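Participant: One structure coming up, written as structure tokens, with questions to follow.
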Amino acid sequence: MIRAYDDLGASGKVERVPCVVTIGNFDGLHEGHRCLLREADRMAECFAKSGVKVERRLLTFSPHPKHVLGDPDLKLIYTDAEREDLVEETGLVDRMITAAFTPQLMHTEPEAYVTEILKKRYGAVGVVIGDDFHFGNHGAGTPEDLKRIGEREGIKVCVVPRVVMDGAVVSSTRIRALLETGDMEEADRLLGRPYYVEGKVTEGKHLGREVGTPTVNLKVESERLVPLEGVYASRTIVDGKTFESISNVGSNPTFGDDLRTETYIFDFDRNLYGKKVRVELLRFIRPEQKFEGAEALKKQLQTDIAKAKEYFTESQVSQGETSLKKETDL
């Protein structure tokens with residue numbers, strides 16, 4: 001996948017080719033977002049069958065429009081770089097364009113948004129959007145406007161209904177609320193994958209070794225949403241291999257650390273300093289709390305580890321039952 005940044009201030013920043021463009025913020029790249037990408041992929045296949053080779057493009061924005069339009073403190077599910085990685089992992093996008101959300105773009109009339117940006121600048125022959133999509137001057141453009149202008153300009157427009165789970169729309173806002181309350185299992189279901197923290201391992205104060213649980217430390221980026229602070233059953237991915245683990249998200253008030261994710265990987269003794277790892281948070285175990293000292297913390301950690309291992313045992317049993325059911329259904 002090609003990654004491109006477009007400041008919209010000069011021509012030629014992004015190659016103009018016939019393309020199907022999916023537009024949105026894509027924070028979290030949840031199940032609703034992937035529904036859009038799959039529909040864009042199908043549209044691209046239809047163009048190919050008719051003899052028109054098109055590029056599958058995703059158009060998103062930075063900073064997040066809400067940061068500019070009145071919610072500067074909004075925390076994102078993932079950073080821009082992580083969002084790009086998630087898009088690439090889908091295999092459904094050929095080029096991801098991150099456009100600067102500037103006053104110029106914000107005040108562009110809907111008509112010019114379609115004709116000057118989507119068609120002339122990018123070469124759109126098809127556009128895929130959600131049914132809640134708004135564009136142009138302060139969001140004045142609606143899906144109906146896009147379809148009307150697109151029909152006139154020879155652009156095929158597909159409006160995809162929002163995905164609904166348990167009677168409510170799958171949205172980044174809904175997922176943020178779940179993460180903030182520690183409901184990881186429901187958040188992971190809406191995301192379509194486990195929520196994770198990723199980065200290079202930094203050297204801490206080696207306090208984990210004092211209580212018999214040496215930890216992998218990851219800094220939490222300031223623009224990123226922090227889940228409910230506390231202890232989680234987690235899964236750590238190192239060099240493509242997955243290990244069961246337990247993680248603390250927070251500042252470790254017993255020792256007064258900075259905000260970070262500390263992870264103890266079961267039965268693991270490699271030095272990971274400087275290595276990029278991914279920690280998936282799977283189940284909330286308990287809130288973060290302050291202990292009288294290292295011994296009290298050590299005792300609690302043994303209880304936490306037992307609960308995490310119990311969770312992994314339950315998960316394996318559940319997965320085994322699901323596999324058995326599938327085999328029985330054959």
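The values are calculated or read from the model by the stated rules, or taken from the named source; none is laboratory data. Please read all numbers here as calculations on a predicted model, not as lab measurements. Counting neighbours? That spans all protein chains shown, and the Cβs are built from the backbone with ideal geometry, glycine included. Accessible surface is based on the protein model in full, side chains and every heavy atom, while ligands, DNA and RNA are left aside. Shrake-Rupley method; radii C 1.70, N 1.55, O 1.52, S 1.80 Å.
Participant: In this structure, is GLY274 modelled with pLDDT under 85, of a type outside the set (D, E, K, R), surrounded by fewer than 18 Cβ atoms within 10 Å (Cβ to Cβ) and not in a strand (DSSP E or B)?
Facilitator: Details: modelled with pLDDT under 85: no; of a type outside the set (D, E, K, R): yes; surrounded by fewer than 18 Cβ atoms within 10 Å (Cβ to Cβ): yes; not in a strand (DSSP E or B): yes.
The answer is no for GLY274.
Participant: Just to be sure before I move on: is ASP41 of a type in the set (Asp, Glu), at pLDDT below 95 and out of contact with any Cys (no Cβ under 9 Å at 6 or more places or on another chain) in the structure I sent? Working first, answer last.
Facilitator: Working: of a type in the set (Asp, Glu): yes; at pLDDT below 95: no; out of contact with any Cys (no Cβ under 9 Å at 6 or more places or on another chain): yes.
Considered against the rule, which asks whether it is of a type in the set (Asp, Glu), at pLDDT below 95 and out of contact with any Cys (no Cβ under 9 Å at 6 or more places or on another chain), ASP41 comes out as no.
Participant: Would you confirm whether any residue within region 72-83 is open to solvent by 30 Å² or more (accessible area, probe 1.4 Å) and closer than 19 Å to ILE129 by Cα? Walk me through it before giving the result.
Facilitator: Residues of region 72-83 that are open to solvent by 30 Å² or more (accessible area, probe 1.4 Å), as a first pass: 72-73, 75, 80-81.
Keeping just the survivors that are closer than 19 Å to ILE129 by Cα gives none.
There is no residue in region 72-83 that is open to solvent by 30 Å² or more (accessible area, probe 1.4 Å) and closer than 19 Å to ILE129 by Cα.
Participant: Restricting the search to region 222-244, which residues are free of Cβ contacts under 8 Å to residues at least 40 places away in the same chain and of a type outside the set (Gly, Ala, Ser)?
Facilitator: Pass one, region 222-244, residues free of Cβ contacts under 8 Å to residues at least 40 places away in the same chain: 222, 238-243.
Within region 222-244, VAL238, ASP239, LYS241, THR242, PHE243 qualify.
Participant: Continuing with this model, one more query. Does any residue of region 3-13 turn out to be over 15 Å from the mean Cα position of the chain (by Cα), of a type outside the set (Gly, Ala, Ser), under 30 Å from VAL277 (Cβ atoms) and in a strand (DSSP E or B)? Give the steps one after another, and end with the answer.
Facilitator: First, the residues of region 3-13 that are over 15 Å from the mean Cα position of the chain (by Cα): 3-13.
In the following step, the residues that additionally are of a type outside the set (Gly, Ala, Ser) were identified as 3, 5-8, 13.
Still in the list and also under 30 Å from VAL277 (Cβ atoms): 3, 5.
Next, only the ones that are in a strand (DSSP E or B) stay: 3, 5.
Yes; the residues of region 3-13 include at least one that is over 15 Å from the mean Cα position of the chain (by Cα), of a type outside the set (Gly, Ala, Ser), under 30 Å from VAL277 (Cβ atoms) and in a strand (DSSP E or B).
Participant: Same structure, new question: So in region 84-100, with the set limited to residues that are open to solvent by 30 Å² or more (accessible area, probe 1.4 Å) and touching a helix residue (DSSP H, G or I) at 6+ places or on another chain (Cβ under 8 Å), which one is nearest to ILE23 (Cα to Cα)?
Facilitator: From region 84-100, those open to solvent by 30 Å² or more (accessible area, probe 1.4 Å) are 84-85, 88-92, 94; that's our starting set.
The next check asks that each one be touching a helix residue (DSSP H, G or I) at 6+ places or on another chain (Cβ under 8 Å); those that pass are 90, 92.
On the way: THR90: 16, LEU92: 14 Å.
Of everything passing the filter in region 84-100, LEU92 is nearest to ILE23 (Cα to Cα).
Participant: How many residues does region 41-57 hold that are surrounded by 17 or more Cβ atoms within 10 Å (Cβ to Cβ) and either closer than 15 Å to PHE135 by Cα or among the basic types (Lys, Arg) (or both)?
Facilitator: Matching residues across region 41-57 total 2.
Participant: Looking only at region 159-187, filter to residues that are part of a loop (DSSP other than H, G, I, E, B), in contact (Cβ under 8 Å) with a residue 60 or more places away in the chain and not hydroxyl-bearing (Ser, Thr, Tyr); which one of those is nearest to THR22 (Cα to Cα)?
Facilitator: Initially, region 159-187 is screened for residues part of a loop (DSSP other than H, G, I, E, B), giving 161-163, 166-167, 170-171, 181-183.
Still in the running and in contact (Cβ under 8 Å) with a residue 60 or more places away in the chain: 162-163, 170-171, 182-183.
Subset that is not hydroxyl-bearing (Ser, Thr, Tyr): 162-163, 170, 182-183.
Values: ARG162: 14, VAL163: 16, VAL170: 18, GLY182: 31, ASP183: 30 Å.
Per the stated criteria, the residue is ARG162.
Participant: Every residue in region 102-118 that is assigned to a loop (DSSP other than H, G, I, E, B) and open to solvent by 30 Å² or more (accessible area, probe 1.4 Å), please. Spell out how you get there, then give the answer.
Facilitator: The initial filter retains those residues of region 102-118 that are assigned to a loop (DSSP other than H, G, I, E, B), namely 102, 107-109.
Within region 102-118, THR102, HIS107, GLU109 meet the criteria.
Participant: Now for a different question. Any chance you could count how many residues in region 76-104 are at pLDDT 90 or above and among the polar types (S, T, N, Q)? Break it down stepwise before answering.
Facilitator: Of all residues in region 76-104, those at pLDDT 90 or above come to 76-101.
Those still in the list that are among the polar types (S, T, N, Q) too: 79, 90, 98.
The total comes to 3.
Participant: Among the residues of region 260-271, what is the count of those that are surrounded by fewer than 17 Cβ atoms within 10 Å (Cβ to Cβ) and of a type outside the set (Lys, Arg)?
Facilitator: First pass over region 260-271, keeping only residues surrounded by fewer than 17 Cβ atoms within 10 Å (Cβ to Cβ): 266-271.
With the extra rule that they be of a type outside the set (Lys, Arg), the set shrinks to 266-269, 271.
Result for region 260-271: 5.
Participant: Filter region 277-311 down to the residues that are open to solvent by less than 80 Å² (accessible area, probe 1.4 Å), out of contact with any strand residue (DSSP E or B) (no Cβ under 9 Å at 6 or more places or on another chain) and assigned to a loop (DSSP other than H, G, I, E, B) and list them by number.
Facilitator: Listed by number, the residues that qualify are PHE291, GLY293.
Participant: Residue by residue through region 51-75, note down the ones that are hydrophobic (A, V, I, L, M, F, W, C), at pLDDT 95 or above and assigned to a strand (DSSP E or B).
Facilitator: If the condition is that a residue be hydrophobic (A, V, I, L, M, F, W, C), at pLDDT 95 or above and assigned to a strand (DSSP E or B), then LEU58, LEU59 are the ones that fit.
Participant: Only residues in region 24-35 that are free of Cβ contacts under 8 Å to residues at least 60 places away in the same chain count as the first member; pair them with residues that are open to solvent by 10 Å² or more (accessible area, probe 1.4 Å) and in a loop (DSSP other than H, G, I, E, B), Cβ under 7 angstrom, at least 6 apart or cross-chain, and list the lot.
Facilitator: HIS33/GLY24
Participant: GLU244 fails exactly one of the following numbered conditions: (1) out of contact with any strand residue (DSSP E or B) (no Cβ under 6 Å at 6 or more places or on another chain); (2) at pLDDT below 90; (3) closer than 19 Å to PHE284 by Cα. What is the number of that condition?
Facilitator: Of everything listed in (1) out of contact with any strand residue (DSSP E or B) (no Cβ under 6 Å at 6 or more places or on another chain); (2) at pLDDT below 90; (3) closer than 19 Å to PHE284 by Cα, GLU244 misses just condition (2).
Participant: Any idea which of GLY150, GLY130, GLY141, GLY126 is open to solvent by less than 30 Å² (accessible area, probe 1.4 Å) and touching a Leu at 6+ places or on another chain (Cβ under 8 Å)?
Facilitator: Details: GLY150 fails: touching a Leu at 6+ places or on another chain (Cβ under 8 Å); GLY141 fails: touching a Leu at 6+ places or on another chain (Cβ under 8 Å); GLY126 fails: touching a Leu at 6+ places or on another chain (Cβ under 8 Å).
On inspection, the qualifying residue turns out to be GLY130.
Participant: Name every residue in region 21-37 that is surrounded by fewer than 22 Cβ atoms within 10 Å (Cβ to Cβ), assigned to a helix (DSSP H, G or I), in contact with a strand residue (DSSP E or B) (Cβ under 9 Å, 6 or more places away or on another chain) and not hydrophobic (A, V, I, L, M, F, W, C), in order of residue number.
Facilitator: If the condition is that a residue be surrounded by fewer than 22 Cβ atoms within 10 Å (Cβ to Cβ), assigned to a helix (DSSP H, G or I), in contact with a strand residue (DSSP E or B) (Cβ under 9 Å, 6 or more places away or on another chain) and not hydrophobic (A, V, I, L, M, F, W, C), then GLU31 is the only one that fits.
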